[in-house]
Amino acid sequence: MVDTKMERSIFGKLAKYIFIIFNIIMFIALISIFLSIDSFDVFSPGLYEDKEKMSEFMMKGTFLWFLFFAWAVGDLILGVWVLCTRPKK
């Protein structure tokens, strides 16, 4: 029996690298938003009277939720694209 290694086409390699780069970018964005939220102290007195800090925290939380959603949807779409471009036997 001869084992032949099938290779992806140029389009398949492009899909695979876009998938990998997308995941790296989303991971870096996730780390950066977590580091910016880390400076927010929930237990500090008088925090809830400061409308500017509260709105900033709420916007970061909303962006974090949107980032998780975009990562899941993007991985689903790009993952199916990578699977469809894999080499056939």
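We did not get these values from a lab; they are worked out from the coordinates using the rules stated. Here the structure is a predicted model, which means the values were calculated and not measured. FYI the Cβ positions are ideal-geometry reconstructions off the backbone, even for glycines, and counts take in every protein chain you see.
Structure data summary
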quantity: CD proxy at 222 nm, helix term only [per DSSP H run n ≥ 4: -39500 (n - 2.57); per residue of the chain; nearest 500]; calculated: -25000 deg cm²/dmol
quantity: Peptides ranked, highest mean first, by Cβ atoms within 10 Å: ranges 10-22, 48-60; calculated: 10-22, 48-60
quantity: Selection from P87, F19, M54 lying farthest towards where the dipole of the chain points positive, charges on Cβ; calculated: P87
quantity: Rounded to 10°, Cα long-axis angle of helix 51-84 versus longest principal axis of the chain; calculated: 10 degrees
quantity: With Cα atoms, 0 to 90° folded angle of helix 10-37 axis to the chain main axis; calculated: 20 degrees
quantity: D50 paired with F34, simple spin-label distance in nm, labels 7 Å along Cα-to-beta-carbon; calculated: 2.4 nm
quantity: Read-out mean projected area of the Cα convex hull in nm², derived from the coordinates shown; its label in [x] 5.3; [y] 8.2; [z] 4.9; calculated: [y]
quantity: Charge dipole (the chain, unit charges on Cβ, about Cα centre) - positive-most of F66, L35, I77; calculated: I77
quantity: Cross-link reach list, lysines versus K5, counting only Cα pairs under 30 Å and skipping chain neighbours closer than eight places; calculated: K13, K16, K88, K89
quantity: Cβ-placed point charges (K, R +1; D, E -1), dipole of the chain about Cα centre in debye, nearest 20; calculated: 900 debye
quantity: Between the range 41-79 and the range 1-33, the Cα center-to-center distance that results, in Å; calculated: 28 Å
